[in-house]
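Nothing in this text is a laboratory measurement; each read-out follows from the coordinates by a stated rule. Note that the coordinates shown come from a computational prediction; the quantities given were computed from them, not determined experimentally. Note that each Cβ is placed from the backbone with ideal geometry, even for glycine, and that neighbours are counted across all protein chains shown.
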């Protein structure tokens, strides 16, 4: 174990439970797969293809590179100085309390809004088997199950996510195997599509269509920040970059292979954001129960990422409360669990379910698109933070700026399509509100009217375990 790792880690639920079992790097890679593969890929890929055409494969590759560049610097910060709260704590260390406050709340609010969308998608998938059950009942069932898994604690959560990860990878491999068998003539599926061979066919909507689809390609990689939060539990934090590289290489390979096969089996023009392209492709196979099996896997995928997000935002909420950036009652522990933080998050989920069911479809889609953009804003801030905390080489600086450029491309691309353009402006509204609150709180902190309950925790921990490679000139600004 590295010299910078802690002897014990606070449980990701935010309680005081001591977690003795550390993760191996391949276990973190497996958890990363569970955190990442979800409705953003199984469902959102259809929308990306609809907007960008077959050339969206380039966007998925670019999104994978951008995701790697973000996790690379996050893993470096983790390996050199493991801190509870990950990117939020590094932002606070680099720029002061205002950065930790805004980063934490932007992440919490965006994930909570996205969860409403995930619950809605899970309910839609379940309607295949329970057509007469109201969607709000199905959403509540999944929400309660997610909260139950969180209540089981760190070990229970990890066991479930490991199983979910294997199921999801097995599902994609199953799809690839079936599609490959069909193309080799072992299975009869009728006529297949010729993959585009000209530039015009490959990019039917031109450069703007490709630019607009980049945002939706990034949705397939959402969840990497949760992997960063879990990275502090590695046996050897120095292996965090290795875990991320392995996970992203696996995901990118199976993403691209499965999308290519899906577009060969079914015309890409039939893909949309309402139905998974993989379910559309599987309907060509005359194999009983295959669509039902894959529908179950879609539910598992969505539920897995929803539970991972729930786990992470409860942890973030407790950490904000511990640092005086959220009401202190959220740190209350009962039955060795942060019951108040879980209760507040459950109430937020209930509101999100109500909004998703009552709001007109387009309006809620705009809000969840905005929430996805807010996640990318946090990714950009991770890259900005790394420039303050890490002694980057010239190549490291080039990678950092390249990552910022790719993320800016995804964000700005949202202005070029009617589905994402309103979400861009709504995301600016959310960020402006949180920014306004940050300015208000910062003024109170400067006036000394609020006491930071643990303002020096991060600085003290970093001083105690000062790692090599962190810039010595960076000092904690937690009291500012």
_If packing is taken as the average count of other Cβ atoms within 10 Å, what order do 204-215, 387-398 fall into, highest mean first?_
204-215, 387-398
*When the C-alpha atoms of the chain are aligned to their principal axes, what extent does each axis show, in angstrom, from largest down?*
71, 52, 42
_Principal-axis tilt of helix 290-322 within the chain, Cα atoms, nearest 10 degrees_ = 10 degrees
*asked:* For segment 198-275 and segment 38-70, what is the centre-to-centre distance using only Cα atoms, to the nearest Å?
replied: 5 Å
*Can you list the residues of segment 196-219 with backbone N under 14 Å from a point 7 Å past the Cα of residue 267, pointing along Cα to Cβ?*
196
*Where q = 0.10, 0.17, 0.20 Å⁻¹, what log10 of I(q)/I(0) comes from the Debye formula for segment 39-188, counting one point per Cα?*
-0.59, -1.43, -1.45
*asked:* Can you compute the FRET efficiency between residue 130 and residue 395 using 1/(1 + (r/R0)^6), with r the Cβ-Cβ distance and R0 = 60 Å? Round to the nearest 0.05.
replied: 0.65
*Could you sort 426-432, 277-283 so that the peptide with the highest average Cβ count within 10 Å comes first and the rest follow in order?*
277-283, 426-432
*Sticking with the crude label model, points 7 Å out along Cα→Cβ, report the distance from residue 24 to residue 412 in nm, one decimal please.*
4.5 nm
*asked:* Taking the Cα centroid of segment 90-152 and of segment 380-400, what is the distance between the two, rounded to the nearest whole Å?
replied: 30 Å
*asked:* Testing the spin-label approximation: label points 7 Å from Cα along Cα→Cβ at residue 384 and residue 428. State their distance in nm.
replied: 1.6 nm
*Once you have the Cα-Cα distance between residue 151 and residue 437, take 0.36 nm times their residue separation minus that, and quote the gain in nm to one decimal.*
99.9 nm
*Starting with the highest mean, order 250-256, 228-234 by the number of other Cβ atoms within 10 Å, averaged over the residues of each peptide.*
228-234, 250-256
*At 7 Å along the Cα-to-beta-carbon direction for both residue 174 and residue 275, put a label point, then send me their distance in nm to one decimal.*
2.0 nm
_Could you give the length gained by full extension between residue 166 and residue 334, i.e. 0.36 nm per residue of separation minus their alpha carbon distance, to one decimal place?_
57.2 nm
